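Novice: The structure that follows is given in the form of structure tokens.
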Amino acid sequence: MFDYGIDGEVEFRDDNGQPSGRKIYVQLKSGNSYLRTRRSDGKEIFDVKNERHLSYWLNQPVDVFLVIRQTDERTGEQTIRWMNVTSNLKKRSDKQSRQIVFDGEALTMTAVWTLRDGYFPRKSYS
């Protein structure tokens with residue numbers, strides 16, 4: 001009934017497998033109604049229903065990732081995609097717009113590892 005707040009957090013482990021304190025928050029959405037295709041340019045849009053969500057996400061101590069699960073109506077196949085909504089909101093020019101262009105990538109183990117590796121610089125063994 002209430003859809004306000006962060007749905008979860010992911011804490012990454014360091015290269016030694018120890019908790020690092022480095023984390024992200026996730027905002028979860030499930031269903032085909034969360035994205036629409038904008039007629040003017042064909043981009044997928046996530047409409048933020050309440051303006052306070054924008055400032056809430058921007059004021060978190062770590063980045064918030066918007067995670068959307070959808071089902072292909074023809075095949076029944078489910079997809080889960082994600083994007084860094086904090087980064088998106090900080091970069092965009094129209095700070096007041098409640099439309100977010102959703103350019104999420106598939107949420108896969110490779111995507112999670114790539115993000116995790118960004119927190120821990122690779123050691124040089126040369």
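Novice: Could you please find all residues in the range 15-44 being more than 21 Å from Ser87 (Cβ to Cβ) and touching a Phe, Trp or Tyr at 6+ places or on another chain (Cβ under 9 Å)?
Specialist: Within the range 15-44, Asp15, Pro19, Arg36 qualify.
Novice: Now for a separate question. Is there a residue in the range 105-122 that is of a type in the set (S, T, N, Q), surrounded by fewer than 12 Cβ atoms within 10 Å (Cβ to Cβ), over 14 Å from the mean Cα position of the chain (by Cα) and over 30 Å from Gln18 (Cβ atoms)?
Specialist: No, because not a single residue in the range 105-122 is of a type in the set (S, T, N, Q), surrounded by fewer than 12 Cβ atoms within 10 Å (Cβ to Cβ), over 14 Å from the mean Cα position of the chain (by Cα) and over 30 Å from Gln18 (Cβ atoms).
Novice: Can you tell me how many residues within the range 47-69 are under 23 Å from Leu107 (Cβ atoms) and either out of contact with any Lys or Arg (no Cβ under 8 Å at 6 or more places or on another chain) or β-branched (Val, Ile, Thr) (or both)?
Specialist: If we filter the range 47-69 for residues that are under 23 Å from Leu107 (Cβ atoms), which is where we start, we get 47-49, 53-54, 56-58, 60-69.
If we keep only those that are either out of contact with any Lys or Arg (no Cβ under 8 Å at 6 or more places or on another chain) or β-branched (Val, Ile, Thr) (or both) as well, we get 48, 53, 56-57, 60-65, 67-68.
Residues flagged as under 23 Å from Leu107 (Cβ atoms) and either out of contact with any Lys or Arg (no Cβ under 8 Å at 6 or more places or on another chain) or β-branched (Val, Ile, Thr) (or both) within the range 47-69 amount to 12.
Novice: Now for a separate question. Within the range 11-30, track down each residue that is closer than 23 Å to Glu105 by Cα and either free of Cβ contacts under 8 Å to residues at least 24 places away in the same chain or of a type in the set (Lys, Arg) (or both).
Specialist: Within the range 11-30, Glu11, Arg13, Arg22, Lys23, Lys29 qualify.
Novice: Find all pairs meeting these conditions: Cβ atoms under 6 angstrom apart; at least six residues apart or on different chains; first residue within the range 69-90 and free of Cβ contacts under 8 Å to residues at least 60 places away in the same chain; second residue basic (Lys, Arg).
Specialist: Pairs found: Ile80/Arg69.
Novice: Hey, can you tell me all the residues within the range 31-51 that are in a strand (DSSP E or B) and either in contact with a helix residue (DSSP H, G or I) (Cβ under 7 Å, 6 or more places away or on another chain) or in contact (Cβ under 8 Å) with a residue 40 or more places away in the chain (or both)?
Specialist: Across the range 31-51, the qualifying residues are Leu35, Glu44, Ile45, Phe46, Asp47.
Novice: With respect to Asp63, is the statement that it is among the acidic types (Asp, Glu) and under 30 Å from Pro19 (Cβ atoms) true? Walk me through it before giving the result.
Specialist: Values: among the acidic types (Asp, Glu): yes; under 30 Å from Pro19 (Cβ atoms): yes.
In short, yes.
Matching residues to (1) among the β-branched types (Val, Ile, Thr); (2) modelled with pLDDT under 95; (3) surrounded by fewer than 16 Cβ atoms within 10 Å (Cβ to Cβ):
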site: Arg52; (1), (2), (3): no, yes, yes
site: Pro61; (1), (2), (3): no, no, yes
site: Val64; (1), (2), (3): yes, no, no
site: Val67; (1), (2), (3): yes, no, no
site: Asp72; (1), (2), (3): no, yes, yes
site: Arg81; (1), (2), (3): no, no, no
site: Thr86; (1), (2), (3): yes, no, no
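The values are calculated or read from the model by the stated rules, or taken from the named source; none is laboratory data. Because the structure is a prediction, the values reported are computed rather than measured. When we count neighbours, we look across all protein chains shown, and the Cβ atoms used for this are built from the backbone with ideal geometry, even at glycine.
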